[in-house]
Each structure stands twice: as C-alpha cells, then as structure tokens.
C-alpha cells in the first residue's frame, strides 16, 4: 500500500512543481511546451529505467543513481551559462515560487514510514526524512516573508537555502553510503537503502532531488543578483540580472 501511495504522491509532486514552474516561466507558449516535454521525458526515462531495475545492485546500481542526480543538474547549469533564454527564465521565475515549491518536501515523511516498515536504514531515513520535513515546514512562511518584504528576509532566505541545499546533498550521500554494492559504502546498517533503487522510490533521487537542487541553485543566483535592502524593487515582478543600485 505504501508503494502505491508513494507512486501517486511522488508523481503528483513532480507534475505540480513542473506545472507551476512552466506556467511562471517568462517565455512564450512554444518554449513552455518544450520545457514541459523535456521534464516529462526525463520523468518517463527514469520510470522506464527504474522498471527495468537499472538502478538496483544487479543493474548499474549506485553509479546510475549518481548519474541520474548529476546529469540533469550539470546540463541545466551548462545551458544557463550559455543561453540567454535560460538566464531569462532563471531570473524571471518568482523567488517566492522557487521557495514555496519546497513545501512538497513534506513527502520526506515517506522515508520515516519506510524505516518504520523495516525497509530503510535508520541513519539515512531519519536524517533525510526529518531534514526534508524541516525544510518544507519553513518554506511557506519564508515565501510569505519574501513576498511582504519582512525585515531580514534576505538573510533568512540565504540561511534556509543553504540548509535545504546541504540537506539534499546529505541525503544523497547517506543513501549512496548505505546501499549494498556501493563503491563508497560507509554505513552498514540493517536494512540497507536498496529500497530507494526501485520504483517508485527511485523517483526521489533521480527526479525530485535534481529538481530541488536546481531550485536551490536558482535561489542562490537570484540572491546574488539582489541587494538586501528594503527599498529595492519587487523581486517577483521585476527580475534583475545585475545587482540593484
């Protein structure tokens, strides 16, 4: 039952996040369709590979999961550096939206449920689960603070973004470090993290983690282009590519 709920929830979360991002992107309908097609294609590819067991130990194992995390992030960073359209999208997305989407990380509760069911090791499950939940709970009030320009919003956003980014890197490290057959395994708890290598749970590291890593990188980029002053123009209505003066 938990696998069915996980499949529905993770798929819905990815669809909702992509829907908001594509809708908010400052591009025409054709570009929105292309972005949506790329996102859907990546999701479908991971689902198919997961269905064939590519991410399990009898397949390519943890290297395949690592590639699934790093390749989309590296490609998006490369495209953003080379393409003015990509940079326009990056600086055109509302900062409040980039933060608020992290509320979906409440699904980190599945890590805890899987641990309770004896399917994930405690170090990985509790760290990743509670980390995601904490970041998610803070996301909505922080987005409100950004929108209403509450005093100290810049520092709060930067601190939250660092924590959220580190939480993802930590979860990936612990997941790989507790997987059977991992070349860098350093956690030998029972059970291991093999559950995350199969559907629907492989959607977390291979689809959702890259999405949220990119959102954190985008927030870092947006903050770097803004100065923490209460008199600056609306960061959601007038995106800037250079610091305001």
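Among the candidates 88, 82, the residue that is closer than 22 Å to residue 219 by Cα, out of contact with any helix residue (DSSP H, G or I) (no Cβ under 9 Å at 6 or more places or on another chain) and surrounded by 14 or more Cβ atoms within 10 Å (Cβ to Cβ) is uniquely 88. Being outside any helix (DSSP H, G or I) and either touching a residue at least 12 places away in the same chain (Cβ under 8 Å) or under 18 Å from the mean Cα position of the chain (by Cα) (or both) is the filter here; which residues of the stretch 63-102 pass it? 93, 94, listed by residue number. The set of residues in the stretch 146-169 being closer than 25 Å to residue 109 by Cβ and surrounded by fewer than 19 Cβ atoms within 10 Å (Cβ to Cβ) consists of 156, 159, 162, 163, 165, 166, 169. Of all the residues in the stretch 109-136, those that are buried (at least 22 other Cβ atoms within 10 Å of the Cβ) and within 13 Å of the chain's Cα centre (by Cα) number 3. Among the residues of the stretch 170-183, the ones that are in contact (Cβ under 8 Å) with a residue 40 or more places away in the chain, within 17 Å of residue 68 (Cα to Cα) and surrounded by fewer than 17 Cβ atoms within 10 Å (Cβ to Cβ) come to 2 in all. The set of residues in the stretch 156-195 being part of a loop (DSSP other than H, G, I, E, B), within 23 Å of residue 3 (Cβ to Cβ) and touching a helix residue (DSSP H, G or I) at 6+ places or on another chain (Cβ under 8 Å) consists of 178, 179, 180, 181, 182, 189, 193. Of the residues making up the stretch 21-37, those that are assigned to a helix (DSSP H, G or I), surrounded by 15 or more Cβ atoms within 10 Å (Cβ to Cβ) and either over 16 Å from the mean Cα position of the chain (by Cα) or at pLDDT 95 or above (or both) number 5. Can you find a residue in the stretch 111-133 that is within 13 Å of residue 214 (Cα to Cα) and either part of a helix (DSSP H, G or I) or modelled with pLDDT under 95 (or both)? Checking the stretch 111-133: not a single residue is within 13 Å of residue 214 (Cα to Cα) and either part of a helix (DSSP H, G or I) or modelled with pLDDT under 95 (or both). When we screen 3, 28 for residues that are farther than 15 Å from residue 215 by Cα and touching a residue at least 24 places away in the same chain (Cβ under 8 Å), the only hit is 3.
For residue 60, the conditions (1) assigned to a helix (DSSP H, G or I); (2) closer than 24 Å to residue 179 by Cα; (3) without any contact (Cβ under 8 Å) to a residue 24 or more places away in the chain are fulfilled apart from (1).
The values are calculated or read from the model by the stated rules, or taken from the named source; none is laboratory data. Only a predicted model underlies this, so the values are computations on that prediction, with no experimental measurement involved. Virtual Cβ from ideal backbone geometry, glycine too; neighbours counted across all protein chains shown.
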